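Down below is the structure, laid out as structure tokens.
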Amino acid sequence: MISMDKTGGRQPVNIPTMKPLFHIGLALLGWQLAVPPLTAQAGTPENGFIPENPAALQPIASHHTPAYRAAKAFKRGVNLGDYLEAPAQYFGKGVTVSADEIAQIKREGFDHVRVPIGWHQYAGPAPDYTLSPEIYGRVDFIVTNALRDGLAVMINIHHFNRLDKDPAGGTEEFLKIWRQIAAHYKNFPKKLAFELDNEPHDNATTDLMNPIYARAIAEIRETNPKRTIFVEPGDWGGIGELKHLTLPPDNNVIVSVHCYEPFHFTHQGAGWTTADVKQTGIIFPGPPAQPLVPDDNADLKPWVREWIENYNTLPTAQNPSSPLAFTDKLKYVHAWSEYYGRPVHLGEFGAYIKADPQSRANFYKAFREAAEKEKLGWCIWDWSANFRYWDPKIGQPMPGMRAALFGK
Ligand code: BGC
């Protein structure tokens, strides 16, 4: 299994640097800071929820919008990770996805797939940025098979680092790529949705992305007046960024956030992040039966050692490697969603394959249950890559995963 963006340094674009910092920041602070349990009716602050978004984000009073109707088709999803977002020259050399696997995704119980796509890797030069037929063919294969099997599909632009580095400079290309995608799929069924940009980060702050998103939505609406559009806030789709989001008064937009808490558990041993997650052997939930002895070769920062100390000693209800790491965050997401009348989707959560199988299954189950408790649609990272649900070698789910997600 080749994973372009995780191993061997073969991915020319640089994956998370801020992402771990963000997650670690939350790990340090967030799991101890209780976000009050919150629910609210659209436009009515209740139970302590404090609406903080700019006034430009007006609450939508009705929950009978196209976005809420569409969200019903995006409840239990899986990301086809490390597949079409890889640079063109790696296509087919790492993760592959067959028509049989798409049918299997549906049989497992998923209702949608999120398809990360590196469209920009297949774009010609300025000023047209013409997309190659190759990429349409690859995406069409997934989209048509998935729709035929009754799955909803979300296609996005993934790892568009030019936009992250220079949002103003990348806007024209971003809009022209969306104009072409929108034209190509304008007659596709409504269960196909567009997600504008995966995990804006770096210079692509929420504040800078807000007007760029508004322009992209307007561009897409020219050809796709009824298409559901997903939008992610900055800081890697960070929950903490929801409060900076502004959206046009379009009632077919779903907001999507990502959450990889507890990061020391979910990303343990992940080579594409920083050394801060070098420590492996972390279980979920903590504490471990035998204290974990920090690895001296991992050069762990003092606050990572402190995290491990808490992990070793605190009971599960207070342990940093437990549902405590995400429960209140998901409650906040629910309250935000209710208040602003915008459905929110959890576009990515998951645990890297280096965690032990039982802990992974425990984690996916706990996170999935917490998301469902907050009535949030979820989409695991990923199908058959480094956070995999499915083991393509044996044609079976990874141990415990089917029960974790579908209780069977
Ligand atoms: C990235 C993947 C990464 C995953 C977990 C995704 O957004 O596209 O490359 O493995 O996050 O960090």
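None of the figures in this text is laboratory data; all of them are computed from the coordinates on show. Every value quoted in this text rests on a predicted model; they were computed, and no experiment measured them. No Cβ is skipped: glycine too gets one built from the backbone with ideal geometry, and neighbour counts run over all protein chains shown.
What does the charge count near Asp128 come to, summing +1 for each Lys or Arg and -1 for each Asp or Glu among other residues with Cβ under 14 Å from its Cβ? Write out the running numbers ahead of the final one.
Working: positive: Lys176, Arg179; negative: Glu172, Glu173.
Summing Lys and Arg as +1 and Asp and Glu as -1 gives 0.
Please give the length that would be gained between Lys186 and Lys226 if that part of the chain were fully extended, namely 0.36 nm times their separation in residues minus their C-alpha to C-alpha distance (nm, one decimal). Intermediate values should be presented prior to the final figure.
On the way: separation 40, 0.36 × 40 = 14.40 nm, distance 0.94 nm.
Computed gain between Lys186 and Lys226 is 13.5 nm.
Residues with beta-carbon under 11 Å from that of Asn53, excluding Asn53: net charge, scoring Lys, Arg +1 and Asp, Glu -1? List each step's numbers first, then the result.
Numbers: positive: Lys243, Arg342; negative: Glu52, Glu241.
Within the 11 Å Cβ shell, the charges total 0.
Can you tell me the relative contact order of region 78-170? Whole percent, Cα pairs under 8 Å, sequence separation 6 or more.
Details: 117 pairs, mean separation 31.4, N = 93.
After rounding, I find 34 percent.
Considering only Ala361, Ala61, Ala71, give the residue with the highest GNM mean-square fluctuation for the chain, with springs between Cα atoms whenever their separation is below 10 Å.
Ala61
What distance in nm separates the two pseudo spin-label positions at Ala218 and Lys243, each 7 Å out from Cα along the beta-carbon direction?
2.9 nm
Which order do His159, His120 fall in if you start with the one that has the fewest other Cβ atoms within 10 Å? Could the numbers behind the result be given before it?
Working: His159 26, His120 22.
Placing the least packed residue first, the sequence is His120, His159.
Starting from 0.36 nm per residue, how many nanometres of slack lie between Ala275 and Asp391 once their C-alpha separation is accounted for?
Values: separation 116, 0.36 × 116 = 41.76 nm, distance 2.77 nm.
Full-extension gain reported as 39.0 nm.
With each run of n ≥ 4 DSSP H residues scored as -39500 (n - 2.57), what mean residue ellipticity at 222 nm is computed for the chain after dividing by its residue count and rounding to the nearest 500 deg cm²/dmol? Display every interim value, and only then the final one.
Values: 13 runs with 138 residues, N = 408.
Calculated from helices alone, the mean residue ellipticity at 222 nm is -10000 deg cm²/dmol.
Within the chain, what percent of beta bridges assigned by DSSP are antiparallel, to the nearest 5? Before the final figure, lay out the partial values.
Details: 4 of 30 bridges.
Antiparallel: roughly 15 percent of the beta bridges in the chain.
Enumerate the aspartates and glutamates that Lys72 could reach by cross-link, defined here as Cα to Cα under 19 Å, with residues fewer than 8 away along the same chain left out.
Result set, ordered by chain and number: Glu108, Asp111, Asp149, Glu195, Glu232, Asp250, Glu338, Glu348, Glu369, Glu372, Glu374.
Can you give me the C-alpha center-to-center distance between region 46-72 and region 205-254, rounded to a whole angstrom?
When both Cα centres are located, 14 Å separates them.
State the extension gain, in nm to one decimal, for the chain segment bounded by Arg107 and Ala61, taking 0.36 nm per residue of separation less the distance between their alpha-carbons.
Details: separation 46, 0.36 × 46 = 16.56 nm, distance 3.63 nm.
Gain on stretching Arg107 to Ala61: 12.9 nm.
Compute log10 of I(q)/I(0) for region 85-219 with the Debye formula, placing one identical point scatterer on every Cα and leaving out solvent, at q = 0.18, 0.19 Å⁻¹, to two decimals.
-1.05, -1.15
Mind checking which helices in the chain clear 18 Å along their axis (Cα) and have mean Kyte-Doolittle hydropathy of 0.0 or more, DSSP H runs only?
Details: long enough: 133-148 (22 Å, 0.14); 167-184 (25 Å, -0.28); 206-223 (26 Å, -0.15); 327-340 (20 Å, -1.04); 357-373 (24 Å, -1.28).
Helices meeting the span and hydropathy rule in the chain are 133-148.
Antiparallel versus total DSSP beta bridges in region 94-199: what percent is that, nearest 5? Kindly include the intermediate steps, with their values, before the conclusion.
On the way: 1 of 9 bridges.
Within region 94-199, antiparallel bridges account for around 10 percent of the total.
Report the label-to-label distance for Ile50 and Gln318 in nanometres (one decimal), using points 7 Å from each Cα along the Cα→Cβ vector.
Distance between the two pseudo-spin positions: 2.6 nm.
Mind checking which lysines have their Cα closer than 17 Å to the Cα of Lys393? Skip sequence neighbours fewer than 8 apart in that chain.
Cα-Cα hits under 17 Å: Lys93.
Using alpha-carbon pairs under 8 Å, 6+ residues apart, how would you state the relative contact order of region 168-274 in percent? Spell out each step's value before the answer.
On the way: 129 pairs, mean separation 29.3, N = 107.
Taking the mean separation of contacting Cα pairs over the length of region 168-274, I get 27 percent.
Which entries in Lys165/Lys278; Lys365/Lys408; Lys75/Lys106 show an alpha-carbon gap greater than 18 Å? Each step should come with its number before you reach the end.
Details: Lys165/Lys278 27 Å; Lys365/Lys408 12 Å; Lys75/Lys106 13 Å.
Those over the limit are Lys165/Lys278.
DSSP beta bridges in region 152-287, what fraction antiparallel, as a percent rounded to 5?
Values: 0 of 9 bridges.
Antiparallel bridges: around 0 percent, rounded to the nearest 5.
In whole angstrom, note down how far apart the Cα centers of region 93-134 and region 135-163 are.
Computed from Cα coordinates, the inter-centre distance equals 4 Å.
In straight Cα distance, which aspartates and glutamates are under 16 Å from Lys301, not counting same-chain residues fewer than 8 positions off?
Cross-link targets: Asp276, Glu309.
Determine the equivalent ellipsoid of region 184-267 by diagonalising the alpha-carbon gyration tensor, then write out the semi-axes as square roots of 5 times the eigenvalues, largest first, rounded to whole Å. Don't jump to the answer; show the numbers that get you there.
Details: eigenvalues 127, 47, 20 Å².
Semi-axis lengths for region 184-267 are 25, 15, 10 Å.
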